[in-house]
Each structure stands twice: as C-alpha cells, then as structure tokens.
1. For segment 16-40, which positions are under 16 Å from residue 2 (Cα atoms) and in a loop (DSSP other than H, G, I, E, B)?
2. Check residue 68 against each of (1) free of Cβ contacts under 8 Å to residues at least 40 places away in the same chain; (2) part of a helix (DSSP H, G or I) and name the one condition it does not meet.
3. Taking only segment 41-62 into account, find how many residues are out of contact with any strand residue (DSSP E or B) (no Cβ under 8 Å at 6 or more places or on another chain) and in a helix (DSSP H, G or I).
4. Determine whether residue 54 is modelled with pLDDT of 90 or more, exposed (fewer than 15 other Cβ atoms within 10 Å of the Cβ), farther than 23 Å from residue 70 by Cβ and out of contact with any helix residue (DSSP H, G or I) (no Cβ under 7 Å at 6 or more places or on another chain).
5. When residues of segment 1-48 are filtered for being loosely packed, with under 11 Cβ neighbours inside 10 Å and under 15 Å from residue 63 (Cβ atoms), how many remain?
C-alpha cells in the first residue's frame, strides 16, 4: 500500500503540462517478484515511481510508457 501512496503523492505534485503513464501488472503466470496490481508511474522526463518487477520488466514498461505518452 505504501507504493500507491508514493505514486499518488508524485502525481499530485507534478507540474501542469507534464504527461505521465501508469503501468500496472494485470496478470501473472508462474512465479513473479511482484503480484497483480503492482504499479509504476512513468513521467515524460523518463523518471518513474514504483515498480512492476524486480527490475527485468521496467525497461520494457518504460519504453511502452514513452510510446503512450508521445
């Protein structure tokens, strides 16, 4: 629950005009570091808050978030 609070706090403090995307784990098959519902807020400057894995999925999520933002 801490993570969603950090994401909401970051969202509330971003500058007007800043674009962002929210990556969310919607399904897990097999073993996974994070569970369904894990979230990562990606800002248009490339920074992010939260995480969706132990590090192996963040790169792909960042790439897809940037595509969604642009």
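1. 34, 35, 36, 37, 38
2. In the conditions (1) free of Cβ contacts under 8 Å to residues at least 40 places away in the same chain; (2) part of a helix (DSSP H, G or I), residue 68 misses (1) alone.
3. Of the residues in segment 41-62, 2 are out of contact with any strand residue (DSSP E or B) (no Cβ under 8 Å at 6 or more places or on another chain) and in a helix (DSSP H, G or I).
4. In short, no.
5. Residues that pass the stated criteria total 1.
The values are calculated or read from the model by the stated rules, or taken from the named source; none is laboratory data. In this text, all values refer to a predicted model and were calculated from it rather than measured experimentally. Heads up, the Cβs are rebuilt from the backbone with ideal geometry, glycines too, and the neighbour counts pull from every protein chain shown.
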